[in-house]
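Asker: This is the structure I want to talk about, given as structure tokens.
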Amino acid sequence: QVQLVESGGGLVQAGDSLRLSCAMSGRTLSRYAMGWFRQAPGNEREFVSTVSWSGGSTYYADSVKGRFTISRDNAKNTVYLQMNNLKPEDTAVYYCAADETYWGTGPYEYDYWGQGTQVTVSS
């Protein structure tokens, strides 16, 4: 059974950086495409970034393009989201997600989800 655990969230100031991690247990990470999503209070869960099974392809939401970088280390069974130049509008709970056959931006397509990690950016 796949388990995903996010870490690395916190309270930072605008312009700061954070690196989120998502550790998979129970399965081999290389079998899964991975995504990062976020959800702010009162909002729907929205796509942030995704990385293909090997890490060779990535895709970003326009709102984070140029500031966030997704990567994966299949040997460590971990996916990362490097977030630079954070803005108050990036404040949300960040979730990682995994799917064996789907690679894309739709949250409802991913089968496995972590519990989320809070990111708060103050102005």
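Asker: Can you list the trypsin sites (Lys or Arg not before Pro) in segment 1-104 that are in a DSSP coil and have 14 or fewer other beta carbons within 10 angstrom?
Answerer: Working: sites: Arg19, Arg27, Arg31, Arg38, Arg45, Lys65, Arg67, Arg72, Lys76; in loops: Arg27, Arg45, Lys65, Arg67, Lys76.
Taking segment 1-104 and a limit of 14 other Cβ atoms within 10 Å, the loop trypsin sites (Lys or Arg not before Pro) found are Lys65, Lys76.
Asker: Suppose the chain between Gln82 and Asp111 were pulled fully straight at 0.36 nm per residue; how much longer would it get relative to their current alpha carbon spacing? If you can, show how the numbers build up before the last one.
Answerer: Numbers: separation 29, 0.36 × 29 = 10.44 nm, distance 2.33 nm.
Between Gln82 and Asp111, full extension yields an extra 8.1 nm.
Asker: Loop-only check: which GluC sites (Glu not before Pro) in segment 1-86 are DSSP coil with at most 14 other Cβ within 10 angstrom?
Answerer: Values: sites: Glu6, Glu44, Glu46; in loops: Glu44.
Those that pass, being in a loop and sparsely packed, are Glu44.
Asker: Can you work out ³J(HN,Hα) from phi for every residue in segment 74-88, in order, using Karplus 6.51 cos²θ - 1.76 cosθ + 1.60 and θ = phi - 60°, giving whole Hz and x for Gly and Pro?
Answerer: 5, 5, 9, 6, 9, 10, 10, 9, 7, 10, 10, 6, 5, 10, x
Asker: Now a separate question. R0 = 22 Å: FRET efficiency of Ser122 with Ser7, Cβ-based, nearest 0.05?
Answerer: Values: r = 20 Å, r/R0 = 0.93.
Using R0 = 22 Å, I get an efficiency of 0.60.
Asker: Can you list residues from other chains, or at least 5 along the same chain, whose modelled amide H is less than 5 Å from the amide H of Gly116?
Answerer: Amide H to amide H, under 5 Å and 5 or more residues apart or across chains, Gly116 pairs with Glu6, Cys96.
Asker: Sticking with this structure for a sec: Remind me, relative contact order of the chain in percent, using alpha carbon pairs under 8 angstrom and six or more residues apart? Provide the component values of the computation, followed by the final result.
Answerer: Values: 308 pairs, mean separation 44.7, N = 123.
Taking the mean separation of contacting Cα pairs over the length of the chain, I get 36 percent.
Asker: How large is ³J(HN,Hα) for each residue in segment 52-69, as worked out from phi by the Karplus curve 6.51 cos²θ - 1.76 cosθ + 1.60 (θ = phi - 60°), to whole Hz, x for Gly and Pro?
Answerer: Listing the rounded values in order: 6, 4, 8, x, x, 10, 9, 8, 10, 5, 4, 5, 10, 4, x, 10, 10, 9 Hz.
Asker: Additional query: Quick check: Cα centre of segment 80-103 to Cα centre of segment 54-74, how many Å?
Answerer: 9 Å
Asker: With a 1.4 Å probe and every protein chain kept in, tell me what percent of the accessible surface of the chain is carbon plus sulfur. Could you put the intermediate results ahead of the total?
Answerer: On the way: 2700 of 6100 Å².
The C+S portion of the solvent-accessible surface of the chain is 44 percent.
Asker: Enumerate the residues in segment 83-111 having an amide nitrogen under 20 Å from the point lying 7 Å beyond the Cα of Ser54 toward its Cβ.
Answerer: 99-104
Asker: Based on Cβ point charges of +1 for Lys and Arg and -1 for Asp and Glu, what charge dipole magnitude is obtained for segment 1-115 about its Cα centre, in debye rounded to the nearest 20?
Answerer: Dipole size: approximately 320 debye.
The values are calculated or read from the model by the stated rules, or taken from the named source; none is laboratory data. Just so you know, these numbers come straight off a predicted model, no measurement behind them. Virtual Cβ from ideal backbone geometry, glycine too; neighbours counted across all protein chains shown. The protein model used for the area step is the full one, side chains on, heavy atoms only, and it has no ligands, DNA or RNA in it. Shrake-Rupley method; radii C 1.70, N 1.55, O 1.52, S 1.80 Å.
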